[in-house]
Each structure stands twice: as structure tokens, then as C-alpha cells.
1. Tell me the helices (runs of 4 or more DSSP H) entirely within region 138-224 that contain at least 1 residues that are of a type outside the set (G, A, S) and closer than 22 Å to T76 by Cβ.
2. From V42, V85, V74, grab the single residue that is in the same structural domain as T131 (by TED's automatic domain parsing), β-branched (V, I, T) and closer than 21 Å to A171 by Cα.
3. Can you spot a residue in region 172-181 that is buried (at least 19 other Cβ atoms within 10 Å of the Cβ) and among the charged types (D, E, K, R)?
4. Picking from T164, T159, T103, which residue would you name as being more than 16 Å from the ligand (Cβ to nearest atom), modelled with pLDDT under 95 and surrounded by fewer than 22 Cβ atoms within 10 Å (Cβ to Cβ)?
5. Please tell me if T94 is surrounded by fewer than 16 Cβ atoms within 10 Å (Cβ to Cβ), at pLDDT 95 or above and more than 14 Å from the ligand (Cβ to nearest atom).
6. Within 15 Å of the ligand (Cβ to nearest atom) and in a loop (DSSP other than H, G, I, E, B), is that true of N123?
7. Could you look through region 207-225, keep only residues that are surrounded by 19 or more Cβ atoms within 10 Å (Cβ to Cβ) and touching a Ser or Thr at 6+ places or on another chain (Cβ under 9 Å), and pick out the one that is farthest from T159 (Cα to Cα)?
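The values are calculated or read from the model by the stated rules, or taken from the named source; none is laboratory data. What you are looking at is a predicted structure, and each value in this text was computed from that prediction instead of being measured. Cβ atoms come from the backbone with ideal geometry, glycine included; neighbour counts cover every protein chain shown.
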Amino acid sequence: MTHAGLSKVWAMVLAAVLAAMLLSATITTGARAQEPCTGQVVLDPGHGGTDSGAVNTKYGLTEKEQNLDVAKRVKTLLEGDGYSVCMTRTDNDTTLSNNDRYTYANSTGARVLVSIHMNGSTNTSTDYTTTLFGKWRKDKELATAVFNSLSTLPAAGGTGTIATRTPYSFASGVLLKSEMPATIAETVFITNDREGQLLSDGTGTRQQQIAQALRAGIEDYLKTH
Ligand SMILES: [Zn+2]
């Protein structure tokens, strides 16, 4: 074989290797990406994968797991009421950027996006509920509706309802770059000692209370907008 011929063979081998690499990269990305979904509501369980979010080490709780648990309950409740729901993640191994979250949300045609979180503090007696909004005109009414329903949650310790912090503005890409009204629900403090007890008692009662409150706020908003 001539020198020129050898170069041609190497060029073909190189092209084949590059094509294989490109193909495998496409397949990997495709397997990781969320399934396409069309729905009225996008639920976004906060954190996930390598990002655990806030943790309660005393009760062995991670925010990523609790957020997903609550989100799955909200999905079931909303679907029971006839709403279609898409989720940014459905397992605890998937790491999502804010870009992944709003890009997915914007692909669903949904009317609302609700990002589900639990708050964290070094003070284990701190506990309140709040919601965040990005753009006032786009998000404020959804943030208020979800806040109003979360405010009916029973207090984790003692009697009455959970303490509240008035919804406030937060410059998150998930809120600012999503095309539909969006809010981040900081449902309860996972670091609170009583919340930790309730969330880890194995009954799912606290998670269900939070889910029911989120469902009520979302449905209140959808019925009036
Ligand atoms: Zn969080």
C-alpha cells in the first residue's frame, strides 16, 4: 500500500471512531433527558442527584428525597382531580441544572410551574412556610395562592398553624426563565426538630399534608386564571 493509501485508511478509521463517539454521546444524552411531556402543571422537585439540598442528619432526611416524595403525592392528587402533570425529575439520581428545569418546563406547554423545596437552618427550632416569586406580574399571584394554602398547614409542634413568611422576590433562573407563572414553595424546614420527627415517622402523614396544601393552592390558582 502506498503512503497516500495508508493515510486514506487512517482517515476512514478516524472518521468511524468520531462517528461512534458522536453516536454514543447522543444516546447517553437521550437516556438522561426527561421524557417529553405535555401537561397543565409542571412540578419541579428541588435538588436531586449530587445535590442533596438541606439535610436533617438527626433523622436521616435529605431534601432531595423529601421534595420528590411530596411532588409524587401532589402529582397523584392533581391527576385525581383531572389535571395533567409533568415532573422535572422522577428519581433521586438525576442532577438537574436550573437551565434543565426551565427548559423542560417551557417544553410542556404547562400553565404553571411549582418548584417544591424544604427550607434549612442551623437553628433546629426554626420553622415557617413561604413561597418565592421571580417576576411580579408573571409569578406573584401563583406564589400568593400557594402561600395561602401552605399557611393552613398544622404546626409541626403544638397547636395552630405553621408560622409564615410573606412571599418574596428571588432571582432564580427557574422563576425568571420559565415562560409560565412559577413559584418556589419553601414548604417547611426540614432542619426543624419536630418536622424531622414527623417527616421520618414512616407514615407519610406530614408529606401528605404538605402535598394536599400544594394541590389546593395550585387548583385555586388554575380555577381563577
Ligand atoms: Zn431547596
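1. Qualifying helices (runs of 4 or more DSSP H): 193-199, 205-224.
2. V42
3. no
4. Just one listed residue meets the conditions, T159.
5. Criteria not met by T94.
6. For N123, the condition - within 15 Å of the ligand (Cβ to nearest atom) and in a loop (DSSP other than H, G, I, E, B) - is not met.
7. Y221
Residues checked against (1) closer than 19 Å to V42 by Cα; (2) not small (G, A, S):
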site	(1), (2)
T131	yes, yes
G158	no, no
T161	no, yes
T166	no, yes
